[in-house]
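Working notes, structure below.
Any read-out appearing in this document is the output of simple, stated calculations on the displayed coordinates, not a laboratory observation. Please read all numbers here as calculations on a predicted model, not as lab measurements. We place every Cβ from the backbone using ideal geometry, glycine too, and count neighbours over all the protein chains shown.
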Amino acid sequence: MHCGHHNSGLVSCFPDESRFSLQSDSRRTFIWRAPGTRYHQENTIERHRYGGAGWLIWGGIILGSRTDLHVQSVTMTGHIYRDVILEQHVRLFRGAMGAEFLFMDDNARPHRANILDECLQLEDITRMDWPAYSPDLNPVEHVWDMLG
């Protein structure tokens, strides 16, 4: 989570997760090619989405601190997000930060499952509205990019 104190006294927090492949292919391949040769065989690489084994890592940064990393080998679902991420990680940060805590998760489908609303309300966790398709607004996305 990235948390920063603002003039309003709120502590804004940015959590996120990213999938890391256990294959050597980082999916970041740059090919220098002549104009007009984009689809030539020597300039293309066949890829299968999420091929091979990998891990889903969830974590966050907070001003002067960080969350523990949560590592799992299965896809994130609304139930996992509620039972593991919200209950075991976010709830603890909310308790430590107090009423100024503002949770800023993105609009990924597991983060917006209907089952989460009751959990967030019971734990008195305020969620910030987040523009769709805006991962560049989340500082943790840049951490994942640096890690590969």
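Can you sort W32, W55 so the residue with the fewest Cβ neighbours within 10 Å comes first?
Ranked by crowding around the Cβ, least crowded first: W32, W55.
Using Cβ counts within 10 Å as a stand-in for footprinting exposure, how do S73, S12 rank, fewest first?
If I rank by nearby Cβ atoms, fewest first, I get S73, S12.
Would you work out if the stretch 60-148 is rounded, prolate or oblate? Take a ≥ b ≥ c from the square roots of the eigenvalues of the alpha-carbon gyration tensor; rounded if a/c is under 1.5, else prolate when a/b is larger than b/c, oblate otherwise.
Rounded, because the longest to shortest axis ratio a/c is under 1.5.
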